[in-house]
Amino acid sequence: MTRPPTAAQRRVIEAADPGTGRLRGTEAQLAALVKRGLAFRHPRPPHDHFLTPAGHRIRQAPATGAAEAPPAPAPAREDDGVFAARVGGADEPPVTGPDRLREVRGAWAGLLELRRMTRPDGATDRLCGWERAHLVRAAALALEAAGHRPADAAGDGYRVRATPQPEAVAVYAPDAGALRAAAATLEAAGWQAGEYTEPRTRVRYLLASPRKV
């Protein structure tokens, strides 16, 4: 489990610019936040530091006392501490409700900001480098943030899976309408998606990849 930020780190996070996520602090403080996946250093001069989606999530979460236990079950996270949307499947905890919705929307807003800050033209309509390195998680976040329901033990909802094809994920949905809705959401979020049929099972699915232009 990822340790929560220290009090000093939280103060730096909470003082971030509300519009851009730009951070101010000592070099040691900023480096510590980068190491924990809560901030990134902009590649262009003056190399300012900005919140990652995980940092935005912490900034938007209500403050809690140090002795307060975290809610359970907790949303899935990777070892780098970055928020992970649900990819769909019976092995995922059934995290629902307003807290989950707030967290997902905060993560999506932070990801759009990450797109803007890491592109020379400031565009947010195409995937950033982090998304291209985490395609399954990125597609799942776009779907969950738009209100699509991830698959549960009963099988209802979307499922996002990796594929052997470079820079592509497979998205499954319970029916044709849900599959078309998922395609529309992904295309609006910077992906290109097409419907295909598995030769053996005849199951329809989306093959989605980052839009080039």
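Could you give the nm distance between label points at Asp91 and Glu195, where each point is 7 Å from its Cα heading toward the beta carbon?
Here the modelled spin labels are 3.0 nm apart.
Assuming a ≥ b ≥ c are the square roots of the Cα gyration tensor eigenvalues, decide whether segment 103-165 counts as rounded (a/c under 1.5), prolate (otherwise, with a/b larger than b/c) or oblate.
Cα axes put segment 103-165 in the oblate bin.
Starting from the amide H of Ala39, placed 1.01 Å from N in the peptide plane, find each other amide H under 5 Å away whose residue is 5 or more places distant or on another chain.
Val34, Thr52
Going through segment 98-207, which trypsin sites (Lys or Arg not before Pro) have at most 16 other Cβ atoms within 10 Å and a DSSP loop state?
Passing sites in segment 98-207 are Arg200, Arg202.
Could you check the simple spin-label distance between Glu14 and Arg149, using points 7 Å along Cα→Cβ, in nm with one decimal?
3.7
FRET efficiency for Arg132 and Ala7, Cβ-Cβ distance as r, R0 = 45 Å, nearest 0.05?
0.80
Can you list residues whose amide H is under 5 Å from Gln192's amide H, if they're 5+ apart or on another chain and H is modeled 1.01 Å from N?
It is Ser209, Arg211, by chain and number.
For Val213 and Arg41 in the same chain, what is the full-extension length gain: residue separation times 0.36 nm, less their Cα-Cα distance, in nm?
Once the chain is fully extended between Val213 and Arg41, it gains 59.4 nm.
Hey, with R₀ at 25 Å, roughly what FRET efficiency would Arg102 and Val34 work out to, going by the Cβ-Cβ distance, to 0.05?
0.50
Measure off, as a whole percent, the carbon and sulfur share of the 1.4 Å-probe accessible area of segment 149-213, all protein chains present.
Summing carbon and sulfur atoms, their accessible area is 53 percent of the total for segment 149-213.
Let's test the formula: R0 of 22 Å, r as the Cβ-Cβ distance of Arg204 and Glu167. What FRET efficiency results, to the nearest 0.05?
The calculated FRET efficiency here is 0.55.
Under 18 Å from a label point 7 Å along Cα→Cβ of Ala123: give me every residue in segment 158-201 with its amide N that close.
186-193
The values are calculated or read from the model by the stated rules, or taken from the named source; none is laboratory data. For clarity, every value in this text was computed on a predicted model and none was experimentally measured. In this analysis, Cβ positions are derived from the backbone assuming ideal geometry, glycine residues included, and neighbour counts consider all displayed protein chains. The accessibility values were calculated without ligands, DNA or RNA, using every heavy atom of the protein model including side chains. Shrake-Rupley method; radii C 1.70, N 1.55, O 1.52, S 1.80 Å.
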